[in-house]
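Asks: Please see the structure below; I have some questions.
Only the coordinates and a few stated rules stand behind these numbers; no lab work does. Remember, it's a predicted structure, so these values are computed and weren't measured experimentally. FYI the Cβ positions are ideal-geometry reconstructions off the backbone, even for glycines, and counts take in every protein chain you see.
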Amino acid sequence: MFCIRHLDAIRVRLAIAAIFAGVVFVLPPAAQAGIFARWVEVGPDGVSSVRAITDDLCPQVIFDGIPTSMFVRAEPGRKIENVKPAAFPVRSCEVAAPPGAIAATLDGQVLPLARPNPQRILILGDTGCRLDRSALQDCDDPRAWPFPKIAAAAARARPDLVIHVGDYHYREVQCPAERSGCAHSPWGYGFDAWYADFFEPATPLLAAAPWIMVRGNHEDCARAGEGWVRFLDRLPVSATCRDLTGIFVARLGDFGIVVVDGAHAEDPKADTGPLAGLLRGQLAEVAAKVPAEAWLVTHRPLNSMRSAPGGRTNEVDNAVQELAFGNIMPPGVRMAVAGHIHFFQAVDFGGARPPQLVVGTGGDNLVEAPPLSVIGADINGRKVVNSVTYSGFAYMVWDRTHDLWIGTLFDADGKALNHCRLVGRSLSCGS
């Protein structure tokens, strides 16, 4: 059990360090529990990586009755270059599950290890509470920021796998003193903001299933990149934060998830060739590992459509990734899954390319004006034959029956909003 005297000593030491570093931190109230968060993250080849955040030594995980020590991923004093100033008065830990492991526990709590051929997959993303220079959310109001409620409802769905399509952290600036709805919220890029924005509200869903963690643009090195590197990246912690770190295939039996670190792949205003070439080469390196059935997940959609400013016309969200992947997409990829745009959208191209699913509805401010029309539109050179767009807080659950996937979109209270069918590369949705 964590000692309060130990906590006080840590507070003093880190407060002194923070003063010299010019950053502010606040340890969350749960600090006295010792372990702030625990979860299972699915990495390359479908390996389960058990992760934990603690204020003490890294704990042990019990795999099939055998105690196994976790390794230190990042110490509190670990220096990472190319990131925003921030305080991380915690230790992150990890250990890979042994091949064939069936059961795992950490500090007496059962951990959900990844299983082959998941039959129920839950998708959500863009979950943080926005506090930045352009917009403010009332983080203390579950109607304005429903991610804690969504995470609890989603956990009750008992998924086999959770895919988070990125943007975990949004609390970048201080809540104004006169705004009661976000009063006293942690802010900045350190652990206290990460804990409030993601780890604490996500606790029930982290305990329910293993996760695929997709990097969002809010986790780029210029923003909350240090938290991404310390806690969620599938790569070991490096001395310098890096963007566009590659693509991997999380293979689970005969099913696979192609995970793209493409959050930094914003369409350039000039030549898209160099950036597209980089991503194309990264996909080519792993294409042979993609099984006969897979989804490609990336934070930015390849082929969605949203309203341009003013709502008079529609615009394609991202062309550089379609340029990168379109001509070399492995045949096993049945659907592209993303977030980034804060609405739900399903776009089908009649089999000419994998359909696009966007589920950016997990808690951050929503798109106020959905696109005027998508069916019949041209997106990156292909005609849309079927599409649905919805602007509202939601998460999505996909259930598999043989070759058919049935997807259900749920609101924050767990009420069904829409149903979709995915067969091969054909995606159709309708209430």
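Asks: Count the DSSP beta bridges whose two residues both fall in the chain, then state the antiparallel fraction as a percent rounded to the nearest 5.
Replies: Numbers: 70 of 92 bridges.
For the chain, the DSSP antiparallel bridge percentage is about 75.
Asks: I've got another one for you. Suppose the chain between T105 and R156 were pulled fully straight at 0.36 nm per residue; how much longer would it get relative to their current alpha carbon spacing? Intermediate results must be reported in sequence, preceding the final value.
Replies: Numbers: separation 51, 0.36 × 51 = 18.36 nm, distance 2.01 nm.
Gain on stretching T105 to R156: 16.4 nm.
Asks: Taking just the alpha-carbon atoms of the range 270-342, what radius of gyration and Dmax come out, in angstrom?
Replies: 13.7, 44
Asks: Here is a further query. What shape does the range 278-431 have by the C-alpha gyration tensor, where a ≥ b ≥ c are the square roots of the eigenvalues, rounded means a/c under 1.5, and otherwise prolate means a/b greater than b/c and oblate the rest? Don't skip to the end; give the middle numbers.
Replies: Working: a/c = 1.64, a/b = 1.20, b/c = 1.37.
In terms of gyration-tensor shape, oblate.
Asks: Please report the spacing between the Cα centers of the range 382-414 and the range 292-355 in Å, no decimals.
Replies: If we compute the Cα centre of each part, the gap is 14 Å.
Asks: Taking amide H atoms as placed 1.01 Å from N in the peptide plane, list the residues 5 or more away in sequence, or in a different chain, whose amide H sits under 5 Å from that of S307.
Replies: So S307 has HN proximity to E315.
Asks: In straight Cα distance, which aspartates and glutamates are under 19 Å from K383, not counting same-chain residues fewer than 8 positions off?
Replies: Cross-link targets: E315, D317, E322, D348.
Asks: Among C429, F410, Q174, whose Cα projects farthest towards the positive end of the dipole of the range 120-430, with charges put on the beta-carbon of Lys, Arg (+1) and Asp, Glu (-1)?
Replies: Result: C429, furthest along the dipole toward the positive end.
Asks: Hey, another quick one. Going by the alpha-carbon gyration tensor, a ≥ b ≥ c the square roots of its eigenvalues, is the range 120-430 rounded (a/c under 1.5) or, if a/c is not under 1.5, prolate (a/b greater than b/c) versus oblate?
Replies: Values: a/c = 1.35, a/b = 1.27, b/c = 1.06.
Rounded.
Asks: Taking the chain as the reference, fit the longest principal axis to its C-alpha atoms, fit the long axis of helix 147-156 to the helix C-alpha atoms, and give the angle between the two in degrees, 0 to 90, nearest 10.
Replies: 80 degrees
Asks: What ranking of C58, C175, C129 emerges when the number of other C-beta atoms within 10 Å of each C-beta is taken as an exposure proxy, fewest first?
Replies: Numbers: C58 18, C175 22, C129 30.
Result, fewest neighbours first: C58, C175, C129.
Asks: Please order S185, S304 by the number of other Cβ within 10 Å, starting at the fewest.
Replies: Numbers: S185 23, S304 27.
Lowest to highest Cβ neighbour count: S185, S304.
Asks: Classify the range 327-376 as rounded, prolate or oblate, taking a ≥ b ≥ c as the square roots of the eigenvalues of its Cα gyration tensor: rounded when a/c is under 1.5, otherwise prolate if a/b is larger than b/c and oblate if not.
Replies: Details: a/c = 3.55, a/b = 1.66, b/c = 2.14.
Oblate is the answer for the range 327-376, as a/c is 1.5 or above yet b/c matches or exceeds a/b.
Asks: Tilt of helix 4-21 relative to the longest C-alpha principal axis of the chain, in degrees (0 to 90, nearest 10)?
Replies: Taking Cα atoms only, the helix is inclined about 70 degrees.
Asks: What is the fewest-to-most order of I35, I247 by other Cβ atoms lying within 10 Å of their Cβ? Display every interim value, and only then the final one.
Replies: Values: I35 19, I247 23.
Ranking I35, I247 by Cβ neighbours within 10 Å, fewest first, gives I35, I247.
Asks: A follow-up question, please. Could you calculate the FRET efficiency of T313 with S426 from 1/(1 + (r/R0)^6), where r is the beta carbon distance between them and R0 is 30 Å, rounded to 0.05? Numbers along the way, then the final one.
Replies: On the way: r = 28 Å, r/R0 = 0.93.
For R0 = 30 Å, the calculated efficiency reads 0.60.
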